[in-house]
Amino acid sequence: MKSEMKSVNIEVRGLFEPLDHLGVEKRIGALPGVHHAHSNPASGGVTVHYDAAVVSEPQLRESVRECGYHCRGEVQPDHVCRVAEPDIRAAHAKHAAQPGAMGEMAHDMGHGSGMDMAGMVRDMRNRFIVSLIFSTLLFFWSPMGLPLPTPPVPLGLELDHWLFVLASGAVLWPSWPFFVAAWRALRNGVLNMAVLVVLSVGTGYLFSVASTFLFEGVQFYEAVSVLLVFILLGHWLEMRARAGANDAIRALLELAPPMANVLRDGKEVQVPTADVLAGDVVMVRPGDRIPVDGVVTEGETQVDESMLTGESMPVKKVVGANVAAATINKSGAFRFRATKVGADTALAQIVKLVQEAQNSKAPAQLLADRASQWLVLIAIVIGLATFAVWFWLIGQTLLFAVTLTITVFVIACPDALGLATPMAIMIGTGRGAQNGILIKNASALENATHLDVVIFDKTGTLTLGKPEVVEVAAAPGRSEDDVLALAAGMEQHSEHPLAHAILEKSKGMQPLPADGFTNIDGMGARARSEGEPALVGNRRLMDAERVDLAGMESTAERMADGGRTVVHVARGGKLWGLIAIADAVRPTSAATVAALKKRGVDVAMLTGDNRATAERIGRELGVTLVLAEVLPGEKAEQVKALQAQGKKVGMVGDGINDAPALTQADVGFAIGAGTDVAMESADVVLMRSDPFDVVAAVGLSRVTLRKMHQNLWWAVGYNVLAFPFAAGVFYPLTISPQLAALAMSGSSLIVAANALLLKRANVEGLK
């Protein structure tokens, strides 16, 4: 059977704990035909690379539900694609007949059916409020509560029984999501923070219940309730931070308009964007968002493409121009023919790419995932050892030993370790996408920080790939304007690229009239201007027509030595001047080279052009390493040669012939205006076709990696210090369970908040 490798981003709802995604990865990754599955605790989805000949997308979604989570299907832009949502009730009915049915029931009791992150944040807030209210009431009747007069016990109950009622209200419903998450994690072979919360809160609550109804002993009702209040508060704030990390992808998903105006049977009708078909004629008015991708067939306008490319200036669109979904029509009304709809639109592809990048894992994250599992196990072992040492070996009271054990369970924080890199990756890639920089995976993000040299393809990357007048030299007695006016008058009707360059340079001038235009193959053109014979072309044409060069031979040679094309302009048998034409350098190319050098990154230029041309452009841009006259098939070898010197190499290109080099490089950057092949081969896509975005991408990678390292060091350092304090190593200095809960929640919150600072980090080239 022939393999058919695909990738899909599946939305997963109900990821309550930051480590819940590990269970999804583990379950899906075990399916036959799945190459790998990567998820991000803040993304609400999992990216699966699989062999469609072995396993289907419905089977992948079913596997998600078997993990105990809800699955909507593939992540797609709102309104653009009809997401085939599975029948949740049918899925529940199916699971009811299976051993895992209890998981569905438990999930519904915990965080509701298919609740998204925003819904879970609201639910966690409500549980915190309920727990806080009951815990406050508990203080008034608890013998260890506030120094206030104790109200009479209602309903004729005994005090212990009334405390049990209040504690049950403070604990059972508010803590239920943790019990569901713990059960689900254990079922999927994963250890998470919920397991420790269940051990700590559950131990204290059950011990108190037993001492109330089965035997006389100490009760932890007050301590357990306050402990849970702090845990819920911290988890609520942490979930809010996780939800905020997904702002970028959420903004992309909401860009598409819900409706489109299409021409059906000769009449304009409004239909849902998801119902637009390829080939439909779509009408767009000023101020409208364009619903799908297409080609303009009628009208002219300016389109704001900043939401996709990051480019702030509107782009002129005329008949034959391409338009993209979600961009905004700024001026005139126009019609276009839909070419790409649904999941094929540029918006849908960008969303998919960003989603895959956010779900990808940096090498450090793979290690952190494994470490977080061991941390939970270590916390359990240390907690049990703490009880054994203090109660049996040292002989402390049961209350003291149980309190320290609960403290150990609570203070460990695998969530901080699990969130350390995913949050930073998610925000970093999201911010890049908002600025037209699409980073395809976390490895590229990390590798971009270590680049020693960046190789730029010349044509179409550092240059615009079209000719431009770069110098005009006038003969004695003539001005530069005279030369351009005569040349423009002769070239008005020519389709030659050099003619277009001259006409572009002479915009705003009054061309000298010319008639009788005749093209001379290989040499130029002849005409008559104001009754005199006029010529525009190369040196061979001047020699053939015996034109007096007015002593400008040396000037022509100097221009030609720089790799420029020299156009001679003459009238009446005398040379009027010279026009040097060369491939136009992009306005930001020189600044790009300077900025990279400032950051310690060497810059090289790679081109198939002759050495004279390449070195001229290299000097103009400040590039010291010029690799000229390189055949298309040799570009990858040039990258390998630099890598053989121990250098980390980035490659920037736009064409099909750049694809092997982009793949070979440690990080491949594709200019957005380039070919699909180049974009597919690259690790980073620069949508604006601006080479300075390489600087922005490198800067973004560096600040993101810095946040990742800061978070990892904090997470590791916190747990190294927390365990000895919690276990009573520094007795009589000990930590209460409530303080441990604050420390645990605060640790996760600090990691999340530090990652969120990436949104405001000052990165050159980013808004």
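Only the coordinates and a few stated rules stand behind these numbers; no lab work does. Here the structure is a predicted model, which is why all the values come from computation and not from measurement. Note that each Cβ is placed from the backbone with ideal geometry, even for glycine, and that neighbours are counted across all protein chains shown.
Net charge dipole, the chain: roughly 1040 debye, given to the nearest 20, about the Cα centre with Cβ charges of +1 for Lys and Arg and -1 for Asp and Glu.
Compute the signed sum of charges (Lys and Arg +1, Asp and Glu -1) over the other residues within less than 14 Å, Cβ to Cβ, of Ser360.
Values: positive: Lys352, Lys361, Lys440; negative: Glu25, Glu356, Asp369, Glu446, Asp683.
Result for the local shell: -2.
Shape verdict for the range 466-584, please, from the Cα gyration tensor: rounded (a/c under 1.5), prolate (a/b greater than b/c) or oblate. In terms of gyration-tensor shape, rounded. Rounded to the nearest 10 degrees, the angle from helix 635-644 to the longest Cα principal axis of the chain is 50 degrees.
Placing a pseudo-label 7 Å from each Cα along the Cα-to-Cβ vector at Glu629 and Ala612 gives an inter-label distance of 1.2 nm. Taking every C-alpha pair closer than 8 Å and separated by at least 6 residues, the mean separation divided by the residue count of the range 16-62 gives a relative contact order of 32 percent.
Using helices alone, I'd like the mean residue ellipticity at 222 nm for the chain: each DSSP H run of four-plus residues gives -39500 (n - 2.57), total over residue count, nearest 500.
Working: 26 runs with 365 residues, N = 767.
Result for the chain, helices only: -15500 deg cm²/dmol.
With both labels modelled 7 Å from their Cα along Cα-to-Cβ, the Asp51 to Lys466 distance reads 4.8 nm. For Lys598 and Asp548, the FRET efficiency from 1/(1 + (r/R0)^6), where r spans their Cβ atoms and R0 equals 51 Å, is about 0.55.
Taking label positions 7 Å along the Cα-Cβ direction at both Asp160 and Leu721, the computed distance is 4.2 nm, reported to one decimal. Ranking Ser200, Asn188, Leu214 by Cα position along the charge dipole of the range 184-273, where only Lys, Arg, Asp and Glu carry charges on their C-beta atoms, puts Asn188 farthest toward the positive end.
Residue separation times 0.36 nm, minus the C-alpha to C-alpha distance between Thr297 and Glu532: what's the value?
Residue separation times 0.36 nm, minus the Cα-Cα distance, leaves 80.2 nm.
Angle check, please: helix 363-387 long axis (alpha carbons) against the longest principal axis of the chain (alpha carbons), in degrees 0 to 90, nearest 10. Helix 363-387 and the main axis of the chain meet at about 10 degrees.
Taking the mean number of other Cβ atoms within 10 Å as a proxy for protection, how do you rank 632-641, 616-625 from highest to lowest? All intermediate terms of the calculation are to be shown ahead of the outcome.
On the way: 632-641: 16.8, 616-625: 18.4.
The most tightly packed comes first, giving 616-625, 632-641.
Relative to the Cα centre, the charge distribution of the range 257-345, modelled as +1 at Lys and Arg Cβ and -1 at Asp and Glu Cβ, gives a dipole magnitude of about 140 debye. Counting only the backbone N, which residues of the range 464-499 are under 13 Å from the spot 7 Å out from the Cα of Arg540 toward its beta-carbon? Nothing falls inside the zone, counting backbone N under 13 Å. Averaging the sequence gap over all C-alpha pairs within less than 8 Å and six or more residues apart, then dividing by the number of residues, gives the chain a relative contact order of 13 percent.
When all alpha-carbon pairs of the range 116-245 are counted, what percent fall beyond 27 Å? Walk me through the numbers before you get to the answer.
Working: 2004 of 8385 pairs.
Percentage above 27 Å: 24.
Rounded to the nearest 20, the size of the Cβ-charge dipole of the range 123-221 about its Cα centre is 460 debye, with Lys and Arg at +1 and Asp and Glu at -1.
Stretching the chain fully between Ala644 and Glu268 yields a gain of 129.2 nm (0.36 nm per residue, less the alpha carbon separation). Positive end of the dipole of the chain (Cβ unit charges, origin at the Cα centre): among Ala274, Leu503, Leu22, the Cα lying farthest that way belongs to Leu22. Give the residue from Phe730, Ala420, Trp714 lying farthest towards the positive end of the charge dipole for the chain; charges sit on Cβ (+1 for Lys and Arg, -1 for Asp and Glu) and the dipole is referred to the Cα centre. About the Cα centre, the residue reaching furthest to the positive side is Phe730. 3J(HN,Hα) along the range 25-42: 4, 5, 5, 5, x, 7, 5, x, x, 8, 6, 6, 10, 10, 9, 10, x, 9 Hz, from the Karplus curve 6.51 cos²θ - 1.76 cosθ + 1.60 with θ = phi - 60°, whole Hz, x for Gly and Pro. In plain terms, the residue of Tyr50, Tyr731, Tyr718 with the fewest other Cβ atoms within 10 Å comes first and the most crowded comes last, giving Tyr731, Tyr718, Tyr50.
Here are some pairs, Lys330/Lys466; Lys597/Lys759; Lys330/Lys507; Lys6/Lys317; which of them have Cα atoms lying more than 31 Å apart in this structure? The pairs that break the limit, which is 31 Å between Cα atoms, are Lys6/Lys317.
Taking Cα atoms only, the orientation of helix 57-66 departs from the longest principal axis of the chain by about 20 degrees. Working from Cα pairs under 8 Å separated by at least six residues, relative contact order for the range 642-767 is 18 percent.
Per residue Cα convex hull volume for the chain, in cubic angstrom? All intermediate terms of the calculation are to be shown ahead of the outcome.
Numbers: hull volume 175.1 nm³, N = 767.
Taking only Cα atoms, the chain has a hull volume of 228 Å³ per residue.
Subtracting the Cα-Cα distance of Ile129 and Asp344 from their residue separation scaled by 0.36 nm leaves 72.9 nm.
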